[in-house]
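Since the structure comes first, as structure tokens, the remarks are kept for the end.
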Amino acid sequence: MAKHDKDATFVGDSRVSAKRIPNISPSYSDFPGKSEAFWPNFLLKEWMVAAVGLIAFLVLTVSHESPLTAKANPNDTSFVPLPDWYFLFLYQLLKYPWAAGDYVILGILGIPGVAFGAMVLVPWLDAGKERRPLKRPVTTGLMMLSLFSIFFLTWAAHDEHVKKHGASHGGAGANAPAAAADPNFKAGDIWTAQASCQGCHGKNLEGTAGPNLQKVGEKYKPEEIKEIITKGKGSMPPGMFKGSDEDLNKLVEYLASLK
């Protein structure tokens, strides 16, 4: 389009907008609760949440010492290691027959790979604009199933470990140091007759490859001691006791009296 003004001719270019739009964020008042400006609204909220979480974490680390377990003891062959709590669900997963043995690849790569891959692909798998959980049953259901599985497997791993090996192996009693052997302690005749037991627990129950038993009666009841002797525990195999049932009962009674 041309505009004539005396001797000058002005030519307008249609590619240049006649109305200049300032570089500001649009108004989101027409879409309440559905969208907002990334800067500074959304980013500021994210920073505030991250700052609160970081401060809470720092306060926790300063006010509570790290729950370290007992020092490593190469002579304690009964110790059974346990992964940290955030790996317990994967540790428990590998105990099931369909995720171990011939199917171990499924347990270490298949199931975790599908789970974490689905988390990465969520924006493409669920591209709907609806944000309410009840309106997204598939995504919400899978997330709830994942959370339940993680919590259940973590609890199952800890519960099974405590039942089999006791709280001293990664449980509440892991911080307590091992009881020192009493050099003046002398074992009774019923113990000195058990050569197979002395190989791991010492001639005077001071503990060598196995734990110290000089005060075992404080930790276990007679029926628990008998079950450990007959069925084994940890690295202690069953059937180590050599003798009659009468001798077994005498040994259990003797060990239970050590307090």
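Does segment 144-158 contain any residue that is loosely packed, with under 13 Cβ neighbours inside 10 Å and at pLDDT below 80?
No, segment 144-158 contains no residue that is loosely packed, with under 13 Cβ neighbours inside 10 Å and at pLDDT below 80.
Under 6 Å between Cβ atoms, at least 6 apart or on separate chains: pull out the pairs that start in segment 85-101 with a residue that is within 13 Å of Pro112 (Cα to Cα) and end on any residue that is in a loop (DSSP other than H, G, I, E, B).
What qualifies is Tyr91/Pro83; Leu94/Ala100.
Among the residues in segment 119-133, are any of a type in the set (Val, Ile, Thr), over 22 Å from Leu82 (Cα atoms) and exposed (fewer than 11 other Cβ atoms within 10 Å of the Cβ)?
Yes: one or more hits.
Pairs please, first residue from segment 137-156 and over 14 Å from Leu88 (Cα atoms), second anywhere and acidic (Asp, Glu) and outside any helix (DSSP H, G or I), Cβ atoms under 7 Å, 6+ apart in sequence or on different chains.
Thr139/Asp126
Yes/no per residue for (1) at pLDDT 85 or above; (2) surrounded by 15 or more Cβ atoms within 10 Å (Cβ to Cβ); (3) within 31 Å of the chain's Cα centre (by Cα):
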position: Gly202; (1), (2), (3): no, yes, no
position: Leu205; (1), (2), (3): no, yes, no
position: Gln214; (1), (2), (3): no, yes, no
position: Lys233; (1), (2), (3): no, yes, yes
position: Pro238; (1), (2), (3): no, no, yes
position: Leu251; (1), (2), (3): yes, yes, no
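In segment 185-242, what residues are acidic (Asp, Glu), more than 20 Å from Lys164 (Cα to Cα) and without any contact (Cβ under 8 Å) to a residue 24 or more places away in the chain?
As a first pass, look at segment 185-242 and keep what is acidic (Asp, Glu): 189, 206, 218, 223-224, 227.
Imposing the further condition that a residue be more than 20 Å from Lys164 (Cα to Cα) reduces the set to 189, 206.
The answer is Asp189, and nothing else.
Which one of the conditions (1) modelled with pLDDT of 60 or more; (2) not in a loop (DSSP other than H, G, I, E, B) does Lys3 fail to meet, given that it meets all the rest?
The failed condition is (1).
Taking Glu160 as the residue in question, decide whether it is assigned by TED's automatic domain parsing to the domain that holds Leu90, acidic (Asp, Glu) and either under 30 Å from Glu227 (Cβ atoms) or under 18 Å from the mean Cα position of the chain (by Cα) (or both).
Numbers: assigned by TED's automatic domain parsing to the domain that holds Leu90: yes; acidic (Asp, Glu): yes; either under 30 Å from Glu227 (Cβ atoms) or under 18 Å from the mean Cα position of the chain (by Cα) (or both): yes.
So Glu160 passes the test.
Scan (1) loosely packed, with under 10 Cβ neighbours inside 10 Å; (2) assigned to a helix (DSSP H, G or I) for the single condition Gly141 breaks and write down its number.
That leaves (1) as the condition not met.
The values are calculated or read from the model by the stated rules, or taken from the named source; none is laboratory data. All values reported here derive from a predicted model rather than from experimental measurement. We place every Cβ from the backbone using ideal geometry, glycine too, and count neighbours over all the protein chains shown.
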